[in-house]
1. Which ordering of 24, 217 is given by a fewest-first count of other beta-carbon atoms within 10 Å?
2. Using packing as a proxy for protection, rank 32-39, 64-71 so that the peptide with the highest average count of other Cβ atoms within 10 Å comes first.
3. Based on alpha-carbon centroids, what's the gap between segment 179-245 and segment 14-52 in Å, whole number please?
4. What ranking do 230-240, 192-202, 113-123 get when scored by the average of other Cβ atoms within 10 Å per residue, highest first?
5. Which value in nm describes the separation of the simple spin-label points at residue 224 and residue 107, placed 7 Å from the Cα toward the beta carbon?
6. What ranking do 46-54, 6-14 get when scored by the average of other Cβ atoms within 10 Å per residue, highest first?
7. Subtracting the Cα-Cα distance from 0.36 nm times the residue separation, let me have the gained length for residue 8 to residue 68 in nm, one decimal.
8. Kindly provide the helix-only [θ] at 222 nm of the chain, computed as the sum of -39,500 (n - 2.57) over DSSP H runs of four or more divided by all residues, to the nearest 500 deg cm²/dmol?
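Laboratory data are not the source of any read-out in this text; all were calculated from the coordinates shown. For clarity, every value in this text was computed on a predicted model and none was experimentally measured. Positions of Cβ are generated from backbone atoms using ideal geometry, with glycine treated the same way; all protein chains shown enter the neighbour counts.
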């Protein structure tokens, strides 16, 4: 299929199932966090999944490549991102399996239907007003800072979207772990699995992956950490496994 690329866009190979994705050459592009989240999340056959703040649609596309889920939805508020995501879905002939919806995370359950999904994923903005300087480029600022939604908004809507027993998967920053767990438990989302991600074996963690279950019992499993690099510029075998090599 021939997909029209707009000015300053490129097509990147996702190294899975021959899938590709359209991204801006100098705009916000998906990173390791999105790839790790797609490797940490699990979607069973006949389950429906939704990704909140999907950006260019990277997580639904990667999840569809990995799992035999029934259907995948991506919710995104920025029209330019929605357009790129929809063209990427068409590029990969996934129109029957992946839908991209324009909308605000704060209105997700109203837009998509309460208790309509088995799985919710999100790679939300990591920084609030007390963490770092906002990028002057608005799309990048929206992706990285809580400009349009907060952690509490994401967790609340995830809880509302999930069926009882449904699973919420999120990647975030370890320095906000107490906030994350508090927000989850306030919405009756019980943390069940956690995995820390370290850039190098001797560096402190800079990402955390969390699975929470709607209405689950209180018990969490802290899994072995992920180490991204064995030396500068060289991924560990763990990362190649996540990528599917």
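1. Listed from fewest to most nearby Cβ atoms, that is 217, 24.
2. On the way: 32-39: 21.6, 64-71: 17.4.
Taking the mean over residues of other Cβ atoms within 10 Å, the ranking is 32-39, 64-71.
3. 16
4. Taking the mean over residues of other Cβ atoms within 10 Å, the ranking is 113-123, 192-202, 230-240.
5. Simple spin-label model gives 4.6 nm for this pair.
6. Working: 46-54: 23.7, 6-14: 12.4.
Taking the mean over residues of other Cβ atoms within 10 Å, the ranking is 46-54, 6-14.
7. Result for the pair: 18.2 nm of gain on full extension.
8. Details: 8 runs with 71 residues, N = 245.
It lands at -8000 deg cm²/dmol.
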